[in-house]
Each structure stands twice: as structure tokens, then as C-alpha cells.
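Only one structure is covered here, and it is reproduced in the block below.
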Amino acid sequence: MEAMQDTTSLQAAIRWLLQTILPSLLVGGKLDGWIGQAGLGSQVEGLRDEIEQVDGVVSSVNARAIQNRSLARSFAAVKELLYAADDAVDELDFYRLHHQLHGGPWHWHHPNQIDGPTTADSSSRRKRRRGKDSTHVTATNTGLWSKDRISERIQDITGQLRDIRGNVRRVLKMLGPTTRAGPNRCQSTTISNPRRGTSSLVQGKVYGRAQEKSHIIELIEERKSDFGVTVLPIVGIAGVGKTALAQHVYNDLDLESQFDLRIWIWVSSSFDETRVTREMLDFVSHGTHEGKCRFPKLPEVLKDRVKSKRVLLILDDIWDDISDCQWNNLLAPFKPNNANGSMILVTTRIPSVAKKRGTTGPINLDGLKNGDFWQMFKACAFGDENYEEQVSLGELGRQIAKRLQGNPLAAETAGTLLREHLTIDHWNNILKNEDWKSLQLSSGIMSALKLCYDQLPYNLQQCFSYCSIFPYGYHFLAEELVRMWISQGFVKCNHSSMIQEEGWRYLCDLVNLGFFKQVERKELPSGHTQTYYAMSILMHDLARVVSKTECAAMDGLQYNDMLPTIHHLSIVKDGQTENILGSENFEENIQSIFISVAKLRTLVLIGQYESSFFEEVFRKAYTLRVLQIFATSADFHSFRMCV
């Protein structure tokens, strides 16, 4: 698996950090006025100016530059420096509040505190230089401040940001003119596979969709006398087989005779009303209308061509960027046209789009059932669904297939890799490394899923990727999830009194876009309802892929080296493992966490822990913002004293 975070995810983190830091530093912000009194005005002003410059550079990145690895390395360094700047701003705000409440001199210093400035080296590792017995400012360690220390720290961050910004400008200049992304959305690093025209209608065997196909055909039969147009959505996550099912219906020979015209259009995530209308016209006239007439005339010409004809129209890959006006214009030539029973099949990844555009209930596609999926998996891995595999390869294949959640594109992705060498060693390596999750496979399942992620506003990207620290199958209580997002600053709202409602809107958006699904509702004796949400295994995999340099999860049976850029961590110890500090290997490994724990903003603990573990964490994790414990301590009194 690749170790570098992709530039789109880095952009999301950087934009969120910029929007978090800048309001505090601007004129009228919470630090305005106080920093001048504290003698830090010029240093903070320099930091603010540099961060604004960084904002401009990041916003100017074009689609071609997003692919550049040198740019990704620079962005990774920028992200870590902005985390350091955010910590410095938080520390200043703490000193401001402390001074307002208690007064006192402008120079406080604890005798044991010998921190050096924050640094970020070329591999974007932010380090704290400290002595063996140093302590840090926390909510329980008040009034400890060296103005010289924090001044040096701010200037150090500013200087490093300036240097890296220069590197980014040089890369962008070398790559050519820029095109800006929208203010809230990051540009996609995933190049979607064009599925235009008849080339998309060449179809192989479809596995396990007979029931869904029969349902669609029955509906077409039922609506053949209806006046107007029926819009039937087919909805499901990337790779689940929406397009394949639509092709299966489109190519049905018995169904073909029921329609005067059949049209297939790939819409895509960048809706172009002119292109889509022109391609529909090309389809019905068996010619090309490129450049022959302007858009206002195209719908009228199309309307004449489909008049008095029963039409089957497939609109493949509809997203949420189509306005109601555009949608009505798109369908206007087909309703009414003096013919009954026209049918439009819409494929979409987004449940809210299916709900909004459909005139009848959607076809919700889940993964294939085990038997059907195993047949497809064998066809992909061996080239033949009837292949008599070796017992050992069959066992490995079933282990891999189980992790793919019945997703056909995931089967194709894994199968392509497995088919290279039908050997136990090769298949074992793919299983161990989970190579099918790589974003380097441009036509693979993760790249397809990431296209959905890339369409999210950056704040929703942060909320989604953050949840990767929880184990697969974890049920999120809605209220707790929203509170965690708020505590991390992911939820942006101009009015603090409305921030809870804004957090709920974020959750609703992620559910409507298919990133989370509701899994449980509990009625409490008080009359209140608790709602729980979860991610599918493929969405959970996606969250881990896009957050791998910021989020990590560990358990007592498995340990991977933790990157120095990790800010959010969960440690899980299930009931079948020993106490986390009672396992010699894990006890050794856990010590490496304490080296980097000072950077952690989130720590989630699940399982049973000794109080000595909490003591070590709380002594060093001075930037911690969320501590969530689903655990029991052998000595709860000692644990309380640690807190």
C-alpha cells in the first residue's frame, strides 16, 4: 500500500485548518487586541499573513498538479505546520483567558519546562524538542508561559511555511496555468472511466441480478399505458453493479421490441446540459450534431425526433450537481410526447438523488449474495467460474472474497491482481497487503469510491475520514458523533448557538450521500430516541485509505508502526487478548506511541487497561481534545487521579 496521502485529501485537511486558524488571527478575532498587549503582535501578524498566502496558493492548484508527488510532499509538510500553528493559537487563547481571569505578569515560566520550538523537517514530521523531565501546559497546569518560547515557535512556523510555499509555487509554475476548484469542493484525483454511447453497452455475464431485472421489466409492463414518463432510480455504492443491471435491462431482446427508441447516456459527476442533450439527439438520429446548433435549439430538435415514440432512456451515473431547472429541461422533450409508457432508468450512487429524481421507488442494490459472488470471483481470479481450483488457493480466495462485501468491481479489482500468478505465495501477499485497496489502481474499487469522496466539501471529508479510527462495524450514536466532530473543529458555523444543528446537517448529508447508513433506533423510557449509524466495510476501507497519515487504529493482537503525523488514534483490546500492558510484545510496542502521543488530538480506548497506561498517556498528551473510553480500569481511583 502506498505510504503517501493523496493531494486531494491533503487539500481537504489544509483548507479545514486554514478556516480554523484564520478567524482567530484576523482583526476582530478572539486574539485581536490581547496579542498586542502581550508583545506578540508582529509575530502573530507575520503568521497570519503567511497563512493567508498559503491559502491563496492551495486554492490555485489545478487538476494536473494534483497528481504531482513533489506537490503532495510539500502539502504534507504544510499540513503538519498548520497543525503546529493551530496548537500555538490554542495555546495563546489559553494564556489570554488565563490572564483575563487571573491577571499577573506577561512572563510565566515553569522551572521544569524547557520546550524548544516546533519544527517540521523535510518529511513533514513535527517534533517537540524537550528534556527528560519537561512538562507542558494543560488545562490542569495553568499559568506556565514563556513569551520568548512561544514567540520563537511562531516565527519558526512562519519561516518554514514561507519556505515550503516557495517550493509549491515553483512546482505550480513548472506545471503550467492553473484552474481553480470550487470554494468548498476539492478537485478529484480520480479520472473516471468514460462510459459514453454504445461502447458502454458491450456487456459480459451479469451475476445475481435476475430478481432486480424481473422487477424492472414488470414495472415497465405495468406502466406501458401510463401517460407521461416514469423515472426509476437504481441506487448503490460504487462498483455494486448499477450500470451492469441497467445494461442487462437495455439489452433484453424481448424488451427491445416494446420501445420505439432506446437511448443510453453517461452523465458523470460534471453535468453538462448541452453535451447530454446533444448526445441524446445523436442517439435518436444516428448522426452527430456537434457544433451544428446552439443549446436553446437542441431540446426542440430532440422533441421533434421523439414525438409519438415510446422511449427507454438510460441516464447512467447521475450526481447531485443537477439543479431542478436543469433536470426539467433535460426531460422536457420526453413529456408529454403523445406516446405512453416511456421509461427513464437513472443510476446513481447517492440515495438523496434517487429520492429527489425518481417518480417511483428506487431499486436499492446491495452486494451480491455469497453463491453468486463466489462464481463471479472465480471468473475474475481464474478466468473461468467453473475452474477447479486447488484447495489451498480456494481457501485463500474465499478469505479475500469475504472482505469484498459482494461488490462486483472489488471482485474484478482483486481478480485482476490474483490472476497474474496462481500461486499460494502470490495470493498470500495480496491477502496480507490488501492490494485491491490501492488508489494506484485507477480502475479499481478504491478509486471508484474515492471519486465520491472527492466530490464532498472539505469539511465533510474531514468528518468522514476521522471515523476511520473506529473499528469496522462500530455503531456510532448520532449525538456522540456530532459532538466529536464539533470538538475537533470540523463543524463550521457562524453562530455558536447553532453549531449542534449544523453538525446534524453534516451527518444527514453523509447519510444521504451514502457514506453512512442508519443501522439501529432505540426508544428510551424517557420517550427520546437514540439513532445509530455505521459504515459499510468498503466505506470503512475508503476512510482508512484517505486518512492513513492522520488516523490510526491498533489492537492487542496487531501492531503497525505509527506514522509521526498521526493525530487521531484508537487502541482496541478485545476480550480474548491479555491486558494491553500485560502482553510483553505489545507493551514494548506501545512505548513508541508515547514518543508521538503529544501530537494526538483524539484517543479512543476500547477494552481493559491498567491505570499506569492512562497515567503515561495523560502526562504527555497535552493537545488531546477528545478522549473516549469504552474501557474498565483495574484501579478506577488511580485513573480518576490521572485525569
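Rule-based calculations on the coordinates, nothing more; no lab input. Being a predicted model, the structure only gives us computed values, none of them experimental. Quick reminder, even Gly has a Cβ in these numbers, built from the backbone with ideal geometry, and neighbours come from all protein chains shown.
Key figures for this structure:
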| read-out | value |
| --- | --- |
| Kirkwood-type radius of the stretch 415-528, with distances r between different C-alpha atoms, in Å | 17.0 |
| Proximal lysines to Lys147, defined as alpha-carbon separation beneath 24 angstrom and excluding residues fewer than eight positions away on the same chain | Lys30, Lys127, Lys132, Lys599, Lys620 |
| Reach of Lys450 by Cα under 20 Å, taken over lysines that are not fewer than 8 positions away in the same chain | Lys242, Lys437, Lys517, Lys548 |
| Relative contact order (%) - the stretch 370-447, alpha-carbon pairs under 8 angstrom, separation at least six | 30 |
| Over the stretch 197-364, relative contact order from alpha-carbon pairs under 8 Å, at least 6 apart, % | 37 |
| Positive minus negative residues near Ile234 (Lys, Arg vs Asp, Glu; Cβ under 11 Å) | +1 |
| Burial ordering of Met343, Met562, Met554, Met535, fewest other beta-carbon atoms within 10 Å first | Met562, Met554, Met535, Met343 |
| As computed over the stretch 370-447, the Cα convex hull volume per residue (Å³) | 78 |
| Exposure proxy ranking, count of Cβ atoms within 10 Å, fewest first, for Phe618, Phe515 | Phe618, Phe515 |
| Spatially proximal lysines relative to Lys307 (Cα-Cα < 18 Å; intrachain offsets below 8 disregarded) | Lys224, Lys297, Lys335 |
